[in-house]
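See below for the structure under consideration.
The values are calculated or read from the model by the stated rules, or taken from the named source; none is laboratory data. The shown structure was predicted, so the numbers you read here are calculated from the model rather than taken from an experiment. Positions of Cβ are generated from backbone atoms using ideal geometry, with glycine treated the same way; all protein chains shown enter the neighbour counts. Ligands, DNA and RNA are stripped out before the accessible areas are found, and what is left, the full protein with its side chains, is counted by its heavy atoms. Shrake-Rupley method; radii C 1.70, N 1.55, O 1.52, S 1.80 Å.
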Amino acid sequence: MKAKNTVSLLLMLGFAALIGYGLWVFLGASLSGGKLKQGFLEASGRIEAREYHAASKISGRIDEIFVEEGQDVAEGQEIAVIFSGQLDAMLAQAAAAIRKSQANLKLAELEYRRFARLLKENAVAKAEYDVVENKYLLAQEEVLTAQKEMDRLNADLQDTKIIAPIAGRITTKIVQKGEVISAGTPLVTIVHLNEIYLKVFLPTESAGKVAVGNEAKIFPDAF
């Protein structure tokens, strides 16, 4: 009888200890939660980062792409190269136009110098000299025009090399080698790791209670 009472007493004490521990945990959590929530608005949100796109200014085929998703890149680093058959053809035409205009300029200059000498000797009329001089001036303008066109096309040629607009991490590789793209097509998405922010969603009745400079406590789900 005495042993039975002892066992019952031990069971009661163990049960009371479990209840006491449960109350301690519950009260501790409630009190700490009360302190945390006092003066704070509770809301959910997500961590985001500012995204940038490296895009092409010209149409063409992706000839090479040098990056992969998850790779870090430096600002100005070459990401891809685009091949444009149309641009290559235009460059060849512009080079031919420069050679032709320079040849015409040489002939016009020789004729101009000859007529200038003859004019001094009164061997040609002033009207004939004026025609030759005008032809020489037009030849000079043709060379300048052809060179400007070549400079413009060379600038387009530089645009076939796609570079990273910022330093960051490649999060999305949008195109693959061999794909044909149009002007303005983004090739990759780059995240600026120094521009990470938390976007929080607040209900309308709570949004007006938040001001710049208010303290915020962030608890990532992962931790």
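Key figures for this structure:
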item: Some residue of the stretch 157-169 being under 54 Å from the mean Cα position of the chain (by Cα), assigned to a helix (DSSP H, G or I), modelled with pLDDT under 95 and not aromatic (Phe, Trp, Tyr); result: yes
item: Number of the condition not met by Gly184 [criteria: (1) out of contact with any Lys or Arg (no Cβ under 9 Å at 6 or more places or on another chain); (2) open to solvent by 40 Å² or more (accessible area, probe 1.4 Å); (3) part of a loop (DSSP other than H, G, I, E, B)]; result: (1)
item: Within the stretch 53-62, considering residues that are open to solvent by 60 Å² or more (accessible area, probe 1.4 Å) and assigned to a strand (DSSP E or B), the one modelled with the lowest pLDDT; result: His53
item: Condition broken by Asn104, with the remaining ones in (1) within 50 Å of the chain's Cα centre (by Cα); (2) open to solvent by 90 Å² or more (accessible area, probe 1.4 Å); (3) polar (S, T, N, Q) satisfied; result: (2)
item: Enumeration of residues in the stretch 29-47 that are under 19 Å from Phe201 (Cβ atoms), open to solvent by 90 Å² or more (accessible area, probe 1.4 Å) and modelled with pLDDT of 65 or more; result: Glu42, Arg46, Ile47
item: Cross-chain or 6+ apart pairs with Cβ under 9 Å, the stretch 154-168 first and closer than 14 Å to Leu87 by Cβ, then of a type in the set (Phe, Trp, Tyr); result: Thr160/Phe83
item: Failed criterion for Val200 (all others in (1) closer than 30 Å to Glu68 by Cβ; (2) part of a strand (DSSP E or B) hold); result: (1)
item: Answer from Leu107, Leu119, Leu87 - the residue that is part of a helix (DSSP H, G or I) and closer than 24 Å to Ser182 by Cα; result: Leu87
item: Subset of the stretch 64-90 (residues that are free of Cβ contacts under 8 Å to residues at least 24 places away in the same chain and closer than 20 Å to Ala155 by Cβ); result: Asp88, Ala89
item: Residues (within 11 Å of Ala43 (Cα to Cα) and surrounded by 10 or more Cβ atoms within 10 Å (Cβ to Cβ)) located in the stretch 202-222; result: Leu202, Ser206, Ala207, Ala216
item: Yes/no for Arg50 being under 45 Å from the mean Cα position of the chain (by Cα) and modelled with pLDDT of 95 or more; result: no
